[in-house]
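Heads up, the thing below is written out as structure tokens.
The values are calculated or read from the model by the stated rules, or taken from the named source; none is laboratory data. All values reported here derive from a predicted model rather than from experimental measurement. Note: ideal-geometry Cβ built from the backbone for every residue, glycine included; neighbour counts use all protein chains shown. For accessibility, only protein heavy atoms count, side chains too; no ligands or nucleic acids. Shrake-Rupley method; radii C 1.70, N 1.55, O 1.52, S 1.80 Å.
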Amino acid sequence: MELTIIIPVYNVENYLDECLQSVYKVKDINYEVILVNDGSKDNSLNILKKYKEFYPDITKIIDKENGGLSSARNAGIREAKGEYLAFIDSDDIIDPKEFEEFFKEGQKLDLDVMVGNMRYFSEDKIGEPLFRSQEIKDFTVSKGTKFFLTLFEGNKCFREEVVDDIYKREFICENKLYFHDNLIHEDSYFTPMVYLKAKRVKYIDISFYYYRQRTGSIMSIVNNRSIESLEKICYMLLSEFSKTDEYGRKALSKLLPSFYKVVLYRYINSKKDYKVKLKNYRDIFKEVKAINNKNIEEILIYFAPKFSNFLRKVVGKEIGNTQKVPKF
């Protein structure tokens with residue numbers, strides 16, 4: 001079995017058929033599909049059963065109580081038989097031909113992680129492939145920490161979503177790289193950890209994944225738990241700082257201030273007492289030696305966070321407690 005495609009499902013009856021139709025059009029790969037019903041209360045499970053009837057030899061349904069996205073993905077990993085793992089969200093779609101091309105290219109290179117690209121789409125619009133720097137496009141097969149650092153050489157080139165990547169199952173299981181329960185931003189922890197551990201990583205310039213933009217999804221809502229989750233991730237990744245190599249430390253020195261400043265900005269814009277969060281930001285900034293990055297905004301936050309927040313508002317880039325819909 002070359003590949004296991006894991007699709008967590010929770011109350012997506014309006015989008016599920018479109019997702020599954022795109023997945024089952026994949027032909028030129030020996031693959032299985034694990035459909036994880038995570039306690040859906042709508043008609044999603046019946047739709048999954050329909051596809052199980054259509055494709056009985058390559059389909060497995062896991063029907064479980066609701067435990068969240070991480071729990072559902074982990075359930076799929078535990079049952080997977082494929083050499084590689086792909087994760088697809090049940091309200092998104094893929095281009096099956098481009099998916100096949102992407103997988104075959106990564107398979108030839110014997111990668112731990114095949115890094116791909118995506119487009120945003122909605123009911124009436126499809127965006128261009130998301131930005132990837134020329135440095136990433138030119139990156140040859142190398143260790144994950146070096147790739148991780150190279151992601152920061154281009155503006156907004158680091159992306160944490162797992163859905164446009166494919167992973168060697170042995171690599172994931174040997175390094176115990178499962179999705180962390182009780183985190184809302186599970187990809188924000190999983191993806192950096194993958195880069196810190198992987199020995200063979202490469203970007204393959206194929207945008208096979210179509211990421212649906214819709215209101216009411218988990219990514220459109222920012223609440224206290226979301227902020228707490230991001231803060232927890234910062235400290236979990238900080239604990240890896242001294243364990244990794246020079247490339248990994250430099251990458252984390254860029255990532256962690258950018259993550260924690262979101263926590264700080266959201267406290268400021270919620271009119272909460274942000275003094276403890278500012279101290280935490282300064283402590284992280286110093287520990288990872290972020291001053292060496294010469295990032296003007298992050299240095300300004302260190303000394304004058306409210307003024308930095310004001311400048312963001314002026315240029316229309318305020319980080320508040322509502323998730324902005326991407327422009328595409």
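Identify all residues within the stretch 269-328 that are among the aromatic types (Phe, Trp, Tyr) and over 25 Å from the mean Cα position of the chain (by Cα); write none if there are none. Reasoning before the result, please.
Going through the stretch 269-328, the residues among the aromatic types (Phe, Trp, Tyr) turn out to be 274, 281, 285, 302-303, 307, 310, 328.
Scanning the stretch 269-328 gives TYR274, TYR302, PHE303, PHE307, PHE310.
When you look at ASN269, is it touching an Asp or Glu at 6+ places or on another chain (Cβ under 9 Å) and without any contact (Cβ under 8 Å) to a residue 60 or more places away in the chain, yes or no? Write out each step before concluding.
Details: touching an Asp or Glu at 6+ places or on another chain (Cβ under 9 Å): yes; without any contact (Cβ under 8 Å) to a residue 60 or more places away in the chain: yes.
For ASN269, the condition - touching an Asp or Glu at 6+ places or on another chain (Cβ under 9 Å) and without any contact (Cβ under 8 Å) to a residue 60 or more places away in the chain - is met.
Scanning for something open to solvent by 40 Å² or more (accessible area, probe 1.4 Å), outside any helix (DSSP H, G or I) and under 26 Å from LYS137 (Cβ atoms), does the stretch 186-200 turn up at least one residue?
Yes, because at least one residue in the stretch 186-200 is open to solvent by 40 Å² or more (accessible area, probe 1.4 Å), outside any helix (DSSP H, G or I) and under 26 Å from LYS137 (Cβ atoms).
So, LEU16, is that one out of contact with any Ser or Thr (no Cβ under 8 Å at 6 or more places or on another chain) and either modelled with pLDDT under 95 or surrounded by 23 or more Cβ atoms within 10 Å (Cβ to Cβ) (or both) or not? Walk me through how you get there before you give the answer.
On the way: out of contact with any Ser or Thr (no Cβ under 8 Å at 6 or more places or on another chain): no; either modelled with pLDDT under 95 or surrounded by 23 or more Cβ atoms within 10 Å (Cβ to Cβ) (or both): yes.
In short, no.
In this structure, is GLY316 in a loop (DSSP other than H, G, I, E, B) and open to solvent by 50 Å² or more (accessible area, probe 1.4 Å)? Don't jump to the end; show me each part of the working.
Values: in a loop (DSSP other than H, G, I, E, B): yes; open to solvent by 50 Å² or more (accessible area, probe 1.4 Å): yes.
Against the criterion (in a loop (DSSP other than H, G, I, E, B) and open to solvent by 50 Å² or more (accessible area, probe 1.4 Å)), GLY316 qualifies.
Go through the stretch 213-233 residue by residue and tally those that are within 15 Å of the chain's Cα centre (by Cα), at pLDDT 95 or above and surrounded by fewer than 18 Cβ atoms within 10 Å (Cβ to Cβ).
0
I need a count of the residues in the stretch 1-54 that are without any contact (Cβ under 8 Å) to a residue 40 or more places away in the chain and basic (Lys, Arg).
Adding up the residues that qualify gives 4.
Quick check on this structure: which one of ALA80, ALA86 is at pLDDT 95 or above and touching a Lys or Arg at 6+ places or on another chain (Cβ under 9 Å)?
Values: ALA86 fails: touching a Lys or Arg at 6+ places or on another chain (Cβ under 9 Å).
Within the list ALA80, ALA86, the selection yields ALA80.
Taking the condition of being assigned to a helix (DSSP H, G or I) and either surrounded by 12 or more Cβ atoms within 10 Å (Cβ to Cβ) or in contact with a Phe, Trp or Tyr (Cβ under 8 Å, 6 or more places away or on another chain) (or both), how many residues in the stretch 267-282 meet it? I'd like the intermediate steps shown before the answer.
Step one: of the stretch 267-282, the residues assigned to a helix (DSSP H, G or I) are 267-269, 275-282.
Next cut, either surrounded by 12 or more Cβ atoms within 10 Å (Cβ to Cβ) or in contact with a Phe, Trp or Tyr (Cβ under 8 Å, 6 or more places away or on another chain) (or both) only: 267-269, 277-278, 280-282.
Selection size over the stretch 267-282: 8.
From the list ASP63, ASP28, pick out the single residue that is of a type in the set (Asp, Glu), open to solvent by 60 Å² or more (accessible area, probe 1.4 Å) and over 25 Å from LEU177 (Cα atoms).
Numbers: ASP63 fails: over 25 Å from LEU177 (Cα atoms).
Sole residue among the options that is of a type in the set (Asp, Glu), open to solvent by 60 Å² or more (accessible area, probe 1.4 Å) and over 25 Å from LEU177 (Cα atoms): ASP28.
If you go through the stretch 73-87 one residue at a time, do you hit one that is open to solvent by 40 Å² or more (accessible area, probe 1.4 Å) and without any contact (Cβ under 8 Å) to a residue 12 or more places away in the chain?
Here is the first cut: in the stretch 73-87, the ones open to solvent by 40 Å² or more (accessible area, probe 1.4 Å) are 78-79, 81, 83.
Checking which are without any contact (Cβ under 8 Å) to a residue 12 or more places away in the chain leaves us with 78.
Yes, the stretch 73-87 has at least one match.
Could you identify the single residue in PHE241, PHE307, PHE285 that is over 26 Å from ASP89 (Cα atoms), in contact (Cβ under 8 Å) with a residue 40 or more places away in the chain and either open to solvent by less than 70 Å² (accessible area, probe 1.4 Å) or in contact with a helix residue (DSSP H, G or I) (Cβ under 9 Å, 6 or more places away or on another chain) (or both)? Steps first, please.
On the way: PHE307 fails: in contact (Cβ under 8 Å) with a residue 40 or more places away in the chain; PHE285 fails: in contact (Cβ under 8 Å) with a residue 40 or more places away in the chain.
Every option except PHE241 fails the conditions.
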